[in-house]
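See structure below.
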Amino acid sequence: MTSDASRPSLPAATVHAWLAAVNAGDADAALALTSPDVTIVGPRGTARGHEVLRAWLGHAGATFETRATFARGAAVVVAQRGVWRDAATGGIEGEMDVATRFRVDGGLVAEIERYDELAAALRAAGLDAADEARGDDGRGKSA
């Protein structure tokens, strides 16, 4: 488990570290950055906990390219290009632009919800365009 001292201090940095672990297929690293009772909301409903997340990470075959990050307080929304691959063949099963709303609590991802549209994710998080993180410092859009 990751110690408190090694966790990112800003919610957006926590989310970007979490996404890097997901993209690398490192379930243990992603779970170390996730609250044990995380709430996960997606197209198939709502679930809670590490075991649900571990199962999803094991079969989803998903990677996400960050296009933009919006953050204020504990709320973070990431606009992404998602690609889902077949676990056995590595072939692309689907890809689309998505937005994911995160809530970070105590340096851990406590809530994850996927949206098909950025505007809906921003509304749900109470964020807007003024909350976009800028720069290539790992918390916002790369140049």
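When the Gaussian network model of the chain links Cα atoms closer than 10 Å, the mean-square fluctuations of 126, 94, 106 top out at 94.
Straightening the chain between residue 46 and residue 134 buys 28.5 nm, computed as 0.36 nm per residue apart minus the Cα-Cα spacing.
Dipole magnitude for region 8-128: computed about the Cα centre from +1 point charges on Lys and Arg Cβ and -1 point charges on Asp and Glu Cβ, it is near 200 debye.
Ranking 41, 121, 100 by how far each Cα lies toward the positive end of the dipole of the chain (charges on Cβ) leaves 121 at the top.
For residue 89 and residue 72, the difference between the fully extended length at 0.36 nm per residue and the C-alpha to C-alpha distance is 2.2 nm. Among the trypsin sites (Lys or Arg not before Pro) in region 1-104, those placed in a DSSP loop whose Cβ has at most 16 other Cβ atoms within 10 Å are 44.
For semi-axes √(5λ) of the Cα gyration tensor in Å, the listed values are [x] 21, 19, 15; [y] 40, 22, 15; [z] 23, 19, 14; which was obtained by calculation from the structure presented? After the calculation, the listed value that fits is [x].
Need one number: % antiparallel among DSSP beta bridges in the chain, to the nearest 5. That works out to approximately 90 percent antiparallel.
Think of it as helices only: each DSSP H run of n ≥ 4 in the chain is worth -39500 (n - 2.57), and spread over all residues that comes to -7500 deg cm²/dmol at 222 nm.
Run the numbers on the chain and let me know its relative contact order in percent, using alpha-carbon pairs under 8 Å that are six or more apart. Mind showing how you got there, number by number?
On the way: 291 pairs, mean separation 34.6, N = 143.
That works out to 24 percent.
Cut-off is 10 Å between beta-carbons; in what order do 51, 113 appear when sorted fewest neighbours first?
Numbers: 51 11, 113 19.
Placing the least packed residue first, the sequence is 51, 113.
A short reminder: the numbers here are calculations on the coordinates, not readings from a lab. Only a predicted model underlies this, so the values are computations on that prediction, with no experimental measurement involved. No Cβ is skipped: glycine too gets one built from the backbone with ideal geometry, and neighbour counts run over all protein chains shown.
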